[in-house]
1. Where the second residue is at pLDDT below 95 and among the aliphatic types (A, V, I, L, M) and the first is surrounded by 14 or more Cβ atoms within 10 Å (Cβ to Cβ) and lies in segment 131-158, which pairs have Cβ atoms under 6 Å and are six or more apart or on separate chains?
2. Please state which of the following conditions residue 327 fails to meet, knowing it meets all the rest: (1) under 25 Å from residue 12 (Cβ atoms); (2) touching a Leu at 6+ places or on another chain (Cβ under 9 Å); (3) hydrophobic (A, V, I, L, M, F, W, C).
3. Looking at (1) out of contact with any helix residue (DSSP H, G or I) (no Cβ under 7 Å at 6 or more places or on another chain); (2) buried (at least 22 other Cβ atoms within 10 Å of the Cβ); (3) not in a loop (DSSP other than H, G, I, E, B), which is the only condition residue 207 fails?
4. For segment 49-69, enumerate the residues that are outside any helix (DSSP H, G or I), touching an Asp or Glu at 6+ places or on another chain (Cβ under 9 Å) and crowded, with 22+ Cβ neighbours inside 10 Å.
5. Just need a number here: residues in segment 355-385 that are at positive phi and of a type in the set (Ser, Thr, Tyr).
6. Answer yes if at least one residue in segment 268-281 is among the aromatic types (Phe, Trp, Tyr), within 26 Å of residue 221 (Cβ to Cβ) and surrounded by 15 or more Cβ atoms within 10 Å (Cβ to Cβ), and no otherwise.
7. Which of the residues spanning segment 76-100 are closer than 19 Å to residue 42 by Cα, touching a residue at least 40 places away in the same chain (Cβ under 8 Å) and crowded, with 19+ Cβ neighbours inside 10 Å?
8. For segment 210-226, which positions are surrounded by fewer than 19 Cβ atoms within 10 Å (Cβ to Cβ) and either touching a His at 6+ places or on another chain (Cβ under 7 Å) or not small (Gly, Ala, Ser) (or both)?
Amino acid sequence: MGLTEGHQAKTVWENPAEIIRSLTPENPVMVFAPTVLQERAKQFLAGFPGLVTYAVKSNPDEAVIQNLVTAGIKGFDVASPFEIDLIGRLAPMAARHYHNPVRSRAEIAHAVTAGIKAWSVDSHSELDKLFEQVPATECEISPRFKLPVLGAAYDFGSKFGASPEIAAEMLRKVAERGYIPSLTFHPGTQCTDPGAWETYIVTAGEICDMAGVRPRRLNVGGGFPSWRVHGVEPDVQSIFDLIERTTAATFGENAPALVCEPGRGICADAFSLITRVKAVRDGQAVFLNDGVYGGLTELPIIGNLDRLDVLTPEGKPRTGSDHGRTIFGPTCDSVDRLPGEISLPDDVQEGDYVIFHGAGAYSVVTNTRFNGFGEMRQVTALSLE
């Protein structure tokens, strides 16, 4: 077997540096570390005081789902018929929570046929659609509410969520119609302020008082942060602890069972994206073979990934002094640019590799083939360092 054949046959690599040395890839490579994914999942399972349901939309790769099941995840937040069927096939014994609060009647019918028992809703009109099609027997409906709370990279409240007053009206209706009444909220993506959950949970108690209904469960959403900034790893355990304390203080002995639906907080740090430098234009702007139409779609929305390594084609780290650079992607679109500037070694050269760590969420699924770019290979590694 020749050297090239051996490299192509290899299925598990040591780390990104070995991949670069061995393959010198011309196109972007997404490196997946199952051990990191399972560690993150087990951190949530051990620390969160309730049911952990993985938000499939963040990364629905089948290897991700299979590794999460292996780690012990027993619930999934599904937002479409595709995701309902995916989890039904890969994890048939797992709970599936259909928490996209706006659905067509055809989507509702698909979910009912698939056996979905947990639903969210954020408007009276959508609630009426559920009443039409969803049988009340052992089915849970959770009104979703929103608040003008800061602390996240961006807030989902502009699209989803009812006011507390409307949520209370819906919660009362759900209970009166014989469904299992529960509540849900989402503090926003990459939420680094634990106080956001505290405010939401206290308001959940007020909604229950207005409705005169005690919820079976309270879903505290996703938003748990991944590790995006070098040297500043999020303390998710402090968020778990505050959620538990606030729930007990708000509801007392009648506290609902807790549910969370992390996506980014579980999958992001299990992937690193290897990109290659196409050009260093006149010693200033850096052009990569991936950008905002590929695996880096999120960066203009929630900010740059600060956890970077720059390696030579031989897999050796560049050691020059850091210098702020404008970073462009490969397409002919001027918006294909990462926000602000990113610090790179001043000796970075064409042909080098820039590795973005923590790139596993909302990247594989948003990668396009715009302008003919976007070819991305996914490989498995034992370590991302």
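1. 149/196; 151/196; 153/302
2. (1)
3. (1)
4. 52, 53, 54, 55, 60
5. The number of residues fulfilling the criteria is 1.
6. yes
7. Of everything in segment 76-100, just one residue is closer than 19 Å to residue 42 by Cα, touching a residue at least 40 places away in the same chain (Cβ under 8 Å) and crowded, with 19+ Cβ neighbours inside 10 Å, namely 77.
8. Once the filter is applied, which keeps residues that are surrounded by fewer than 19 Cβ atoms within 10 Å (Cβ to Cβ) and either touching a His at 6+ places or on another chain (Cβ under 7 Å) or not small (Gly, Ala, Ser) (or both), segment 210-226 yields 210, 214, 216.
The values are calculated or read from the model by the stated rules, or taken from the named source; none is laboratory data. Quick caveat: nothing in here was measured; it's all calculated off a predicted structure. With ideal geometry, Cβ positions are generated from the backbone for all residues, glycine too; neighbour counts draw on all protein chains shown.
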